[in-house]
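The values are calculated or read from the model by the stated rules, or taken from the named source; none is laboratory data. Computed from a predicted model, the values in this text were never measured in an experiment. Virtual Cβ from ideal backbone geometry, glycine too; neighbours counted across all protein chains shown.
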Amino acid sequence: MYGESVSPLMMLLPMVIYPLASALILGFIIFKLEQAGKTQAVYLLAPALIWFAWLTAFQGIHTRWSFPPAQAMDWLALMPLVPALAIRVPHHIRMAGFGVALVLSFAVVAQPIVGRMSIIDLISHTIGGLLVGGIAIMASDRQSNSFRFPVSLITMMALSAVVIGISSSLSLAQMVGGLCASLGGIWLLARVITFQERTLFAITQGAVAVWLMVLAYAHYYADVSIWALLLLALPILIKWPRQSSDTQPWWKALSTTLMLSLLPGLLALWLVWPAQSLF
């Protein structure tokens, strides 16, 4: 109703508090499994962990979602799990496997749109999706710095939430914020307790999978500029130096990472900035 106000706490609960708390709890479970020698279980669960944490944000933001799914937004809650799990396909087919999983998963989300596409459009969009997914997973596989890579992705996601919120959809912006809080919680936990490096990389790659699905939804359903979204994801191509050879103090490495990850996002923000005042 008009005139009603929502308290900041009610906005922060689903977007920050719930996913952050879920990520910390699930991260601690992963840590205990690693300590118990359950490396195979951790290997399978790590990419999906971020999806579980993000789902707590999703259900708090999209409160009317139903199961079985009835609308595109309902499917969006479930389908990111598929590309997140596809990160576990063998390395020599991971680029193709992840791309196919991403495209097919989003095709389920975008059923109404897919049904209206011409054959030419369908083929071109499929090829574009395969390329974006394959390049993203290949770039993340090249990473060797478990400190800077998650920070870079968190920065990209935070800026994408601002861009999506200004450009079109506040609820989608909140969902990206929830994903950002989830990965941020895991990254902070890794500063306190010791994860295996491959576990933190796998969790970060799971965040990439979920993020790409939300960005695709923002473009196809909320009309956010594809060029702005591609600019936001551009820093994922940066290969951060290995921690062992990174002689910079942690604060300097952090500030450099933030600056390099912010620049394309600020350009994306300029692309979508409204010509007239929002007020």
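Scanning for something basic (Lys, Arg) and closer than 17 Å to residue 172 by Cβ, does the stretch 62-84 turn up at least one residue?
Yes, the stretch 62-84 contains at least one residue that is basic (Lys, Arg) and closer than 17 Å to residue 172 by Cβ.
Is it the case that some residue within the stretch 169-177 is over 25 Å from residue 229 (Cβ atoms), surrounded by fewer than 24 Cβ atoms within 10 Å (Cβ to Cβ) and hydrophobic (A, V, I, L, M, F, W, C)?
No: zero hits.
Scan the helices (runs of 4 or more DSSP H) fully inside the stretch 183-279 and keep the ones with 1 or more residues being surrounded by fewer than 23 Cβ atoms within 10 Å (Cβ to Cβ), touching a helix residue (DSSP H, G or I) at 6+ places or on another chain (Cβ under 9 Å) and modelled with pLDDT under 90.
197-222, 250-272
Take residue 154 and tell me if it is more than 14 Å from the chain's Cα centre (by Cα) and within 24 Å of residue 20 (Cα to Cα).
In short, no.
Restricting to the stretch 57-73, count the residues that are surrounded by fewer than 20 Cβ atoms within 10 Å (Cβ to Cβ) and either hydrophobic (A, V, I, L, M, F, W, C) or part of a helix (DSSP H, G or I) (or both).
Total satisfying the criteria: 6.
Tell me which residues, restricted to the stretch 93-115, are surrounded by 15 or more Cβ atoms within 10 Å (Cβ to Cβ), in contact (Cβ under 8 Å) with a residue 24 or more places away in the chain and closer than 18 Å to residue 219 by Cα.
Listed by number, the residues that qualify are 99, 102, 103, 105, 106, 108, 109, 110, 113.
Specify which of the listed residues (159, 76, 131) is modelled with pLDDT of 85 or more, more than 16 Å from the chain's Cα centre (by Cα) and part of a helix (DSSP H, G or I).
Details: 159 fails: more than 16 Å from the chain's Cα centre (by Cα); 76 fails: more than 16 Å from the chain's Cα centre (by Cα).
Of 159, 76, 131, the one residue that is modelled with pLDDT of 85 or more, more than 16 Å from the chain's Cα centre (by Cα) and part of a helix (DSSP H, G or I) is 131.
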